[in-house]
Amino acid sequence: MKTNKDDIKSYFDQEYIENKLGYKSSFEEHFDRNFQEWSYDLSLGDEIYITSEEQPRILSETDPYVTIKPGDFALLITYERLKLTKNVMAFISVRFKYKKQGLINISGFHVDPNYEGRIIFSVYNAGPHDILLKYKDPVFMIFFEELEGNVYKEKKGYNCIPSEMISEIKGQSITLAKNHQKIEKLEYAMKLYGGIGVAIMAALIGILLKSG
């Protein structure tokens with residue numbers, strides 16, 4: 001496992017991150033905040049798609065929050081852009097802070113050597129409550145592993161969430177909560193109409209007895 005701070009810095013596209021940070025900060029400050037000695041916390045990027053919404057959403061400093069409801073699938077992209085070398089791969093995950101709320105990573109768990117680009121996470125809220133995320137907050141984690149040999153196959157990376165990914169998960173998802181609501185409505189209807197039916201039957205029996 002790679003733990004050297006300078007080595008890990010080299011796996012990020014520093015110029016890209018500097019351009020995004022602008023004058024407010026620098027890559028060094030951003031890196032030091034998220035560096036965890038053996039791992040690095042990746043921040044939430046500006047683009048997100050949630051299945052319960054019609055269109056992708058763009059987060060910003062003035063509109064930084066997004067809510068993933070129970071049962072929703074979402075596509076999230078990292079703020080950082082990677083530039084891995086031929087002999088280094090990486091493992092990725094959602095941070096425990098969000099895992100314990102029910103946010104599950106259902107996409108891949110590793111990044112191939114030579115990958116250049118931002119990372120897209122496909123996630124699912126399996127918890128009972130809404131999960132609130134904020135732009136640029138550390139939501140994911142990554143750690144790097146050095147290989148014994150080199151891998152020469154180039155890996156296409158992402159700078160945004162492609163439309164085909166959105167099309168693959170677009171549409172409402174069926175959740176346990178939604179099914180529970182449907183069952184409750186069905187039970188209520190059965191009780192209501194069942195009670196009416198019993199009352200009608202009792203009235204008919206009463207009429208028949210009187211006429212007899």
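Here are some notes:
- Single match in Asp7, Asp13 (criterion: touching a Lys or Arg at 6+ places or on another chain (Cβ under 6 Å) and of a type outside the set (Val, Ile, Thr)): Asp13
- Within segment 61-91, restricting attention to residues that are of a type in the set (Val, Ile, Thr) and in contact (Cβ under 8 Å) with a residue 60 or more places away in the chain, the residue that is nearest to Tyr115 (Cα to Cα) is Thr85.
- Options Lys170, Lys191, Lys185, Lys178: the member that is under 17 Å from the mean Cα position of the chain (by Cα) and at pLDDT below 90: Lys170
- There is no residue in segment 159-166 that is more than 15 Å from Ala74 (Cα to Cα), assigned to a loop (DSSP other than H, G, I, E, B), over 13 Å from the mean Cα position of the chain (by Cα) and of a type in the set (A, V, I, L, M, F, W, C).
- Elements of type helices (runs of 4 or more DSSP H) contained in segment 1-113, each with 2 or more residues being buried (at least 16 other Cβ atoms within 10 Å of the Cβ) and assigned by TED's automatic domain parsing to the domain that holds Glu164: 14-21, 27-34
The values are calculated or read from the model by the stated rules, or taken from the named source; none is laboratory data. Bear in mind that the values here come from a model prediction, so they are computed numbers and not experimental data. Every residue, glycine among them, receives a Cβ derived from its backbone with ideal geometry; neighbour counts consider all protein chains shown.
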